[in-house]
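One structure is given here, and the rest of the page talks about it.
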Amino acid sequence: MTTPAILIRGGTVVDAEHSYRADVLCVDGRISAIGENLEAPAGSEVMDAGDRYVMPGGIDPHTHMQLPFMGTVASDDFYTGTAAGLAGGTTSIIDFVIPDPQQSLMEAFNTWRGWAEKAAADYAFHVAVTWWDDSVSRDMGILGQEHGVQSFKHFMAYKNAIMCDDEALVNSFSRCIELGALPTVHAENGELVFQLQQQLLAKGITGPKAHPLSRPPAVEGEAANRAIRIAEVLGTPIYVVHNSCEDSLNAIARARGEGQRVFGEVLAGHLLIDDSVYLNDDFEFAAAHVMSPPFRPKHHQDALWAGLQAGHLQTTATDHCCFCAPQKAAGKDDFTKIPNGCGGVEDRMSVLWHYGVGSGRLTPSEFVRVTSTNAAQIFNLYPRKGAVRVGADADLVVWDPNGSRTISAKTHHQNVDFNVFEGRTVTGIATQTLSNGRLVWNEGDLRAERGAGRYLPRELGAGYAQALARRMAQTSWRHG
Ligand code: URQ
Ligand code: ZN
Ligand code: ZN
């Protein structure tokens, strides 16, 4: 059954550059026309966007749907997690294939591809390099040249599990340069974390409050700086995921100030939630917030917001990796066994609008840049994604800047029994979401379709990322 054309009439288009009044016509899953007073083709649906914005659908470049991790499996799968994203205005995710050490990257990629068949929205994959030998190098080439994988992830944390040592980092970054792929890192020094964990357990400090004590900002700053320096010496761009603190942000800002091509990501959670959550006497509440890097003392949030405004951080994400209370309880007597991860894919856009645009920190166009366009350009999904332009996929969100909602696990669509933004009333909501030209979210009515999501192959090469980095260099002064 073909999807009827949809004419979004009377809205204000907001893209990464500007805002302007225009109708948007979507035909066969693509944007087919943008302009004033467009005719509605026969049989099309006409949607009145009134005084609302029409923006590119959000792209969350960091999710872990149904990730097998720390002895359990994340509770949102590729269908429920992408459906929840659509309800919040996010229309594409970039998830992670994470091979076990010694597991073939190709084998893991095929496994994740199978899991993602059920997705309700489009998805791409970063592939993690969790070990090294010639077969890993070979598989990286096949994945990059034949399967559209343009970015490879490296966990510098999680010793005795998926942690990359410097040898693997140097080899893999070098292979990325050969391929024209972008290396990304989870920057925490896993050796230090392990040491601090043992020290805390030896002192009998076993509750969730030990989690942030085992991964202080210096542990993240050291790893971010080390990864950035390795990238500098080898000559590759690098993307640092989930920067949570001044220490890693300063490492990025220093390098960018010297013209190095470094991109930084920040999670909606780290911009708003501080480490007091770990002092809560209720184990379930504190454990629900155990993720890595941990939530930090409040002053780091101001630095992260400033980093986003200054252009040192280019993307926002969620690291959506949910575990329900019974799963978190695995660490009841030993905090190192609490599955690490929190949710957020449904709330990222509203949270960033409320606290970003609502506070005057971000303009609407900067909001679009950091929730969609920059990620599309860095990870080579642009302009198919992250743009309101003729020919792009009709992934659009009709945004009501004056609408509000109160976030709660009682009402969210995420398949998890906790919401880290619980109780916050936010202004700025998606009233309609179109995924490939289909109306999938309409005033609270979610019509996500299991299996409608498509795999998004990505070209190798730093095309837009290169251009983006140059533009950032030219304009970063503008954000003050
Ligand atoms: O480290 C990650 O990004 C994954 C394993 C999700 N968990 C987390 O605590 N961030
Ligand atoms: Zn991580
Ligand atoms: Zn992650």
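The values are calculated or read from the model by the stated rules, or taken from the named source; none is laboratory data. Quick caveat: nothing in here was measured; it's all calculated off a predicted structure. Cβ placement follows ideal geometry from the backbone for every residue including glycine, while neighbour counts extend to all protein chains displayed. What goes into the accessible areas is simple: the full protein's heavy atoms, side chains included, and nothing from ligands, DNA or RNA. Shrake-Rupley method; radii C 1.70, N 1.55, O 1.52, S 1.80 Å.
What distance in nm separates the simple spin-label points at Arg113 and Glu258, each placed 7 Å from Cα in the Cβ direction?
4.1 nm
Can you bin segment 349-444 into rounded, prolate or oblate? Criterion: square roots of the alpha carbon gyration tensor eigenvalues sorted a ≥ b ≥ c, rounded for a/c under 1.5, prolate for a/b above b/c, oblate for the rest.
prolate
With a 1.4 Å probe and all protein chains kept in place, how do Phe155, Phe285 rank by accessible area, largest first?
Result, largest first: Phe285, Phe155.
Assuming R0 = 35 Å, can you tell me the calculated FRET efficiency for the pair Asp281 and Ala161, based on Cβ-Cβ distance, to the nearest 0.05?
0.75
Among 365-373, 69-77, how do they line up by average Cβ neighbours within 10 Å per residue, starting with the highest?
Order by mean packing, descending: 365-373, 69-77.
Estimate the FRET efficiency between Val73 and Asp51 by the formula 1/(1 + (r/R0)^6), using the beta-carbon distance for r and 41 Å for R0, to the nearest 0.05.
After rounding to 0.05, the efficiency reads 0.40.
Between beta-carbons, use under 14 Å as the cut-off and find the net charge around Ala49, counting Lys and Arg +1, Asp and Glu -1.
That works out to -4.
Take the alpha-carbon centre of segment 83-100, take the same for segment 277-300, and report the distance between them in whole Å.
So the separation of the two Cα centres works out to 23 Å.
What number, in nm² with one decimal, is the all-direction average of the projected area of the convex hull of the alpha-carbon atoms of segment 320-361?
3.8 nm²
Express the relative contact order of segment 280-346 as a whole percentage, based on alpha carbon pairs under 8 Å and six or more residues apart in sequence.
Worked out over segment 280-346, it gives 42 percent.
In percent, how large is the relative contact order of segment 264-378, given Cα pairs closer than 8 Å and 6 or more residues apart?
29 percent
Give me the net charge for the shell around Asn436: Cβ to Cβ below 14 angstrom, other residues only, Lys and Arg +1, Asp and Glu -1.
That works out to +1.
Put +1 on the Cβ of each Lys and Arg and -1 on the Cβ of each Asp and Glu in segment 271-330; which of Pro326, Leu304, Phe283 then has its Cα farthest toward the positive end of the dipole?
With unit charges placed on the Cβ atoms, the residue in question is Leu304.
Could you work out how far helix 78-88 tilts from the main Cα principal axis of the chain, as a 0 to 90 degree angle to the nearest 10?
60 degrees
What order, most packed first, do the peptides 96-108, 29-41 have when packing is the mean number of other Cβ atoms within 10 Å of each residue?
So the order, starting with the most tightly packed, is 96-108, 29-41.
Return the percentage of antiparallel bridges among DSSP beta bridges fully within the chain, rounded to the nearest 5 %.
Approximately 50 percent, going by the DSSP bridge assignments.
Could you work out, for segment 32-170, what percent of all Cα-Cα pairs fall into each 5 Å distance bin, beginning at 0 Å and stopping at the bin that holds the largest distance?
2, 9, 16, 18, 15, 12, 9, 6, 5, 4, 3, 1, 0
Taking only the Cα atoms of the chain, how large is their convex hull per residue, in Å³?
125 Å³
Given an 8 Å cut-off on Cα distances and at least 6 residues of separation, report the relative contact order of the chain as a percent.
22 percent
Quick check for me: using +1 on Lys/Arg Cβ and -1 on Asp/Glu Cβ, what's the dipole size of segment 196-353 about its Cα centre, in debye to the nearest 20?
For this selection, approximately 340 debye.
Please state the charge dipole magnitude for the chain, taken about the Cα centre, from unit charges on C-beta atoms (+1 on K and R, -1 on D and E), reported in debye and rounded to the nearest 20.
600 debye
Cα centroid distance between segment 392-453 and segment 103-138, in Å?
28 Å
Probe radius 1.4 Å, ligands and nucleic acids ignored: give me the carbon and sulfur share of the accessible area of the chain as a rounded percent.
Its accessible area is 50 percent carbon and sulfur atoms.
Using alpha carbon centroids, what distance separates segment 9-31 and segment 321-354, in Å?
Computed from Cα coordinates, the inter-centre distance equals 35 Å.
By average Cβ neighbour count within 10 Å, what is the ranking of 226-233, 84-91 from highest down?
84-91, 226-233
Can you show me the helix-derived [θ] at 222 nm for the chain, built from DSSP H runs with n ≥ 4 at -39,500 (n - 2.57) apiece and divided by the number of residues, rounded to the nearest 500.
The helix-only estimate for the chain comes to -9000 deg cm²/dmol at 222 nm.
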